[in-house]
Amino acid sequence: MTNSPDRPSVTYADAGVDISAGNAFVRAIAPLAKATARAGADASLGGFGGLFDLKAAGFDDPLLVAATDGVGTKLKLAGDTGIHDTIGIDLVAMCVNDLIVQGAEPLLFLDYFGCGRLEVGVASDVVKGIAEGCRQAGAALIGGETAEMPGMYAPGDYDLAGFAVGAVERGQVLPRPDVAHGDRLIGLASSGVHSNGYSLVRRIVEQSGLSLDGPAPFDDGRTLGSALLEPTRIYVEALKRVFAQHPGAVKALAHVTGGGITENVPRVLPKTCSAAIDLPRITVPPVFAWLAASGPVDPSEMLRTFNCGVGMVVITSADDFVAVSETLAEAGETVFALGEIVEGDGEVAYRGALAL
């Protein structure tokens, strides 16, 4: 078939998809991926799929655990502020923290980046954050997908999704079935809002009339935008240290994401147990006090929307509580003696009030 003389040939670039930009992007991020190599994966890019060798990673009888997530409307704040190099940490954190609560060591990570027009600098900053998150979690960034789809996204917008795979030896899966009355709860401090509740955060910011470029009223020396973009804390290395030093001491873990403590802790409780949580023991980051006052947002709504200062909950026996707490603190975590397991119906029972 030949082209009509009065209708010049069109290209994919004419339709809004720049293959050359995509190739330049892959070249730019290849060193970032390579830096996440670990035993079992070389983290090189360019194949049709990524390989992982479980035997080389040291597993004998493993179960694979997979998780996928995004970062929600926190992406809008990244776009509005032009700060793109931390949102990738959030993406990794949301996935790998979900793996470790099953007792699984994160092994590999893949990402999906969708946009209307590929801006290599922006996309490279995003992957820089993803690589940093993988480094913190000990996972190899072995691949991903970049989709340039004109007309699907507004100019400057992009979407992210993450996919993580981990492994756990067959007899070490969490939660254990022996969570019981008298067990203790340990709270691990969050770094801030993490990656949940940002539709409400953005609404409160809009109502406040404050500029994202202006000073944060709760964090001296930072802009409001950068403070709200503080990335999600990754708890993998600290919990792996506990697993290694105190085998069997952790009975269950709960990653506090959307739904807050109220919705996430019950996911690992037997039907005959409840979690009695002492709210005054939590050191609440100032961002939550600001959100609660500026909304205003009722304390019960805060607890079922945000992490309110606790990003991970650890359940141990009373005998293991001190040793596990000390190891977590030595690993750099801020630890709260959060409460205990009591007789109940699988829910959370709050005692006292948050210091908002």
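Before moving on, here are some points about what is shown:
- Listed cross-link partners K34/K128; K74/K240; K74/K251; K74/K128; K76/K128 are compared with a 22 Å cut-off, the Cα-Cα value being larger for K74/K240; K74/K251.
- For M312, residues with placed amide H under 5 Å, excluding near neighbours: L188, V256
- Separation of segment 221-284 and segment 137-211, taken as the distance between their Cα centroids, equals 12 angstrom.
- Virtual paramagnetic centre 7 Å along Cα→Cβ of D298, amide N under 11 Å, in segment 190-219: none
- Label-to-label distance, nm, for residues given as R281 and S124 (7 Å Cα→Cβ offset): 4.8
- Here segment 276-356 has 50 percent of its accessible surface on carbon and sulfur atoms, given a 1.4 Å probe and all protein chains in place.
- When the Cα positions of F25, V71, V342 are compared along the charge dipole of the chain, F25 comes out farthest toward the positive end, with charges on each C-beta of Lys, Arg, Asp and Glu.
- Protection proxy ranking of 145-155, 261-271, 318-328, 107-117, by the mean of other Cβ atoms within 10 Å over each peptide's residues and highest first, is 107-117, 261-271, 318-328, 145-155.
- Each of D53 and V26 was given a label point 7 Å from its Cα along the Cα-to-Cβ line. The distance between the two points is 2.4 nm.
- The residue among G133, M302, L107 whose Cα reaches farthest toward the positive pole of the charge dipole of the chain, with charges on the beta-carbon of Lys, Arg, Asp and Glu, is L107.
- Solvent exposure of the chain as accessible area per residue, Å², 1.4 Å probe: 45
- Furthest towards positive pole of dipole, V284, S190, T316, structure part the chain, Cβ charges: T316
- Ordering 167-178, 132-143, 23-34, 70-81 by mean Cβ neighbour count within 10 Å, with the highest value first, yields 132-143, 70-81, 23-34, 167-178.
- Here's the picture: a label point sits 7 Å out from the Cα of K76 along the beta-carbon direction, and within segment 167-202 the residues with their amide nitrogen under 17 Å of it are 194-202.
- Using the alpha-carbon positions of segment 228-356, Rg (one decimal) and Dmax (whole number) come out as 14.8, 45 Å.
- Stretchable slack from E343 to H246, in nm (0.36 nm times residue separation minus alpha-carbon distance): 32.3 nm
- Portion, in percent, of the accessible area of segment 145-274 that falls on carbon or sulfur, probe 1.4 Å: 50
The values are calculated or read from the model by the stated rules, or taken from the named source; none is laboratory data. All values reported here derive from a predicted model rather than from experimental measurement. Heads up, the Cβs are rebuilt from the backbone with ideal geometry, glycines too, and the neighbour counts pull from every protein chain shown. Side chains included, ligands, DNA and RNA excluded: accessible areas come from the protein's heavy atoms. Shrake-Rupley method; radii C 1.70, N 1.55, O 1.52, S 1.80 Å.
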